[in-house]
Amino acid sequence: MKTKFLLSTWVLLSILSIGCKKDKTIEPQPNKLEVIINDVPYQTEKYLRIGYTLKTWEFTKDGLQLQQIVVLDDDSKTELLKIGNTDNLLIYHDPLDENPFLTYDIITSYYLSIQLPILLGQPVPTNVSHRFVFKDTIQNKEVVVEGGLFSPRKNETPIAISSPVKGTNWLFINQSTLGYHFNAMFFVQGTIWTAERYAFDNLQLNEDQVTHVGDPKINESYFNYEDTLFAVADGTIVTLKDGRPENSGDARDVQFNSLDEYGGNYVILNMGSGRFAVYGHCVPNSFLVKQGDVVKEGDPIGLLGNSGNSTEPHLHFQICDKQELFLSYGLPFVIKKYTKIGEAGTFDPFPPTEITNSMMEQFTLLRFD
C-alpha cells in the first residue's frame, strides 16, 4: 500500500573526508541504543529474517553524522550485518511528515527498523548487539557507540497461511527488505503502530518479465488485474469496504477523503487468536463474500484491483493484530507452499523448487499449484 506520509528521511549521512583526523572515541552506552520491538523471526527460501526496531537518542543534536551500523553476534563479536549510507534505511525523527488525517505525536528520540538476515543452516545468535559509527563534526573524529542488546525469539514461529492468489509468474515484493513496507511506523496516541510491517504487494509478469502490455493507464493492460483472491485461512469476514473508485493504471488519480480510503476496496478476515488478514485495493463491487460470512481456506473472496493508494493493479496483503488498516501491529507470516521458478531480472533457466513454510525474497518468481 503506497503511503507517501510513511516516508521519513535517512538522517545526515556522509562519507568521512580525506582530511579527517584518525582519532576515535568508543562509547559503550547501551542506554543510548534500545530495542523496543522484537518480532518473531520468519523464514524465506534463503534466510531466517529477524525483524526489530531500535530507539536511539537524537544524535544529530550532538553534531554526529551516522556513517554505518554494524549488527553483531554479541557473544562471539562476529559481524552479522553492515548497513551503510547507500542502504534503504529510514530513521524517524521529529518533526514527522504531515498527514491530513492523523495527528502525530511529538517524538524526542530516533527510531529505525532492521531485518537481520541469517543464512539458512547457520546458527541463530542468542544475543545481538549493535555498533553505531558516527563522524563527530565538531571535534572532527570518529565516534563509536555500542549497545542495543537483545535476544532473538528463535524458539517461536509465525503463522503459516495459504497463498491469496493462484497461478504463476508472481512477485511478492516489499516485505523482505529494510525498506517499505517494513519500515512503516505511525506515532499516534503514545503508541508506535506497525500494521504494514510485513505486508507485501504482488505483481504478475509475463515471459518478458513485464507487468503489462499496452497502455499503462488502462487497468486491463496488467496481467494480474481482476485475478481471483482466496481466503488464506479459515475465518470470518469482519470488515468489508466497497464502492470506491479505482485508479487508471499507473495514473494514481484517485483522491482521498479519509485515511481509510487509502486501502481502497478492502476486506478483513478474522483468523482467530488475534490475527487479521487484510486484502487491499480490490475491484469495486467484486467481492464474493459479505460481512459476517464464515469462509474456509481457499474460498474465493474477491478480485484483485487498483483502488485506493495504489501505483498499479496489485494486492496489498498484511496480517495484523487488530481489525485496523494502520493503527495496529503488523505480524510476520509464512506461506505454506510455493514453487520458486526463478528471479526477476534474470532470464537464466531455473529448476523449479518447492518451498514450504516460508516467505520469499524480494525478487523471487513464484508459482502456486
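Here Leu89 does not fit the description of being under 24 Å from the mean Cα position of the chain (by Cα), assigned to a strand (DSSP E or B) and outside the structural domain of Ser258 (by TED's automatic domain parsing). Taken over segment 163-202, the criterion of being among the hydroxyl-bearing types (Ser, Thr, Tyr), surrounded by 17 or more Cβ atoms within 10 Å (Cβ to Cβ) and modelled with pLDDT of 95 or more is satisfied by Ser163, Thr194, Tyr198. Do we have Thr78 as surrounded by fewer than 17 Cβ atoms within 10 Å (Cβ to Cβ), in the same structural domain as Tyr42 (by TED's automatic domain parsing) and of a type in the set (S, T, N, Q) here? Yes.
Given the structure, is Ile319 of a type in the set (Val, Ile, Thr), within 17 Å of Ser163 (Cβ to Cβ) and touching an Asp or Glu at 6+ places or on another chain (Cβ under 8 Å)?
no
Considering segment 155-209, the qualifying strands (runs of 3 or more DSSP E), each wholly inside and each with 2 or more residues that are on the phi > 0 side of the Ramachandran plot and not acidic (Asp, Glu), run over 167-173.
When segment 125-136 is filtered for residues that are within 30 Å of Gln175 (Cβ to Cβ), surrounded by 15 or more Cβ atoms within 10 Å (Cβ to Cβ) and not basic (Lys, Arg), the ones remaining, listed by number, are Pro125, Val128, Ser129, His130, Phe132, Val133.
Report the residue count in segment 219-248 for those that are over 27 Å from Ile159 (Cβ atoms) and either surrounded by 15 or more Cβ atoms within 10 Å (Cβ to Cβ) or not assigned by TED's automatic domain parsing to the domain that holds Val295 (or both).
Residues of segment 219-248 over 27 Å from Ile159 (Cβ atoms): 219-223, 225-226, 243-248.
Filter once more, keeping what is either surrounded by 15 or more Cβ atoms within 10 Å (Cβ to Cβ) or not assigned by TED's automatic domain parsing to the domain that holds Val295 (or both): 219, 221-223, 225-226, 244-248.
Residues meeting the conditions: 11.
Is at least one residue of segment 137-153 aliphatic (A, V, I, L, M), in a strand (DSSP E or B), touching a helix residue (DSSP H, G or I) at 6+ places or on another chain (Cβ under 8 Å) and crowded, with 18+ Cβ neighbours inside 10 Å?
Yes, segment 137-153 contains a residue that is aliphatic (A, V, I, L, M), in a strand (DSSP E or B), touching a helix residue (DSSP H, G or I) at 6+ places or on another chain (Cβ under 8 Å) and crowded, with 18+ Cβ neighbours inside 10 Å.
Look at Asn206 and say whether it is out of contact with any Leu (no Cβ under 6 Å at 6 or more places or on another chain) and free of Cβ contacts under 8 Å to residues at least 60 places away in the same chain. Spelling it out, Asn206 is indeed out of contact with any Leu (no Cβ under 6 Å at 6 or more places or on another chain) and free of Cβ contacts under 8 Å to residues at least 60 places away in the same chain.
The values are calculated or read from the model by the stated rules, or taken from the named source; none is laboratory data. What you are looking at is a predicted structure, and each value in this text was computed from that prediction instead of being measured. Backbone-built Cβ (ideal geometry, glycine too); neighbour counts: all protein chains shown.
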